[in-house]
Amino acid sequence: MSRTKHMSKRMSQRNIDDTMIKLVTQFGDYSPDGDKIILNKKSLESIEMNFRNYLKAINYMKSKGGLVCIENDNVQITSYFLNSFKKAKLNGH
């Protein structure tokens, strides 16, 4: 999306960076008149909680070597950790 010189100048003056704007546009709610996107403290706390849960899951999956999800025709069939696949292969299964 393009940005006006006015916005770029105000972002610089207010120490607002591109990452913050991306968060607002991705997770914020439109005002009733539709000209503003608002990301308030309550929404930020909810997003933070979700990201903490994502990071916990990511770290767990990393410890298992990654995760595979098998799907076909938009149906999830099975899943397994990559380490478990290596172990089964090493054991001759």
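The values are calculated or read from the model by the stated rules, or taken from the named source; none is laboratory data. From a predicted model like this one, the values you see are computed outputs, not experimental measurements. So basically every Cβ, Gly included, is an ideal-geometry build from the backbone, and we count neighbours across all protein chains shown. Each accessible area value is taken on the protein alone, full model and side chains, heavy atoms only, with ligands, DNA and RNA left out. Shrake-Rupley method; radii C 1.70, N 1.55, O 1.52, S 1.80 Å.
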The chain, Gaussian network, Cα under 10 Å: of Met11, Met20, Met49, the residue fluctuating most is Met11
Placing +1 on each Lys and Arg Cβ and -1 on each Asp and Glu Cβ in the chain, then taking the dipole about the Cα centre, the residue among Ile70, Met1, Ile58 whose Cα reaches farthest towards the positive end is Ile58
Gain upon complete extension [Ile77, Asp17; 0.36 nm per residue less C-alpha separation]: 17.4 nm
Keeping all protein chains in place, calculate the accessible area per residue for the chain (probe 1.4 angstrom), answer in Å². 92 Å²
With a Cα-only, solvent-free Debye model of the chain, what are the log10 I(q)/I(0) values at q = 0.12, 0.13, 0.16, 0.20 Å⁻¹? -0.68, -0.73, -0.87, -1.04
Long-range lysine pairs (8 or more apart or interchain), the chain, Cα under 20 Å: 14
Any idea what the dipole of the chain comes to, in debye rounded to 20, about its Cα centre with Lys/Arg Cβ at +1 and Asp/Glu Cβ at -1? 520 debye
For the pair Ile70/Met1, report the inter-label distance in nm, with labels modelled 7 Å from Cα in the Cβ direction. 4.2 nm
Springs between alpha-carbon atoms under 10 Å, Gaussian network over the chain: tell me which of Asn40, Asn50, Asn72 tops the mean-square fluctuations. Asn72
Of every hundred units of 1.4 Å-probe accessible area on the chain, the number belonging to carbon and sulfur atoms, as a percent, is 54 percent
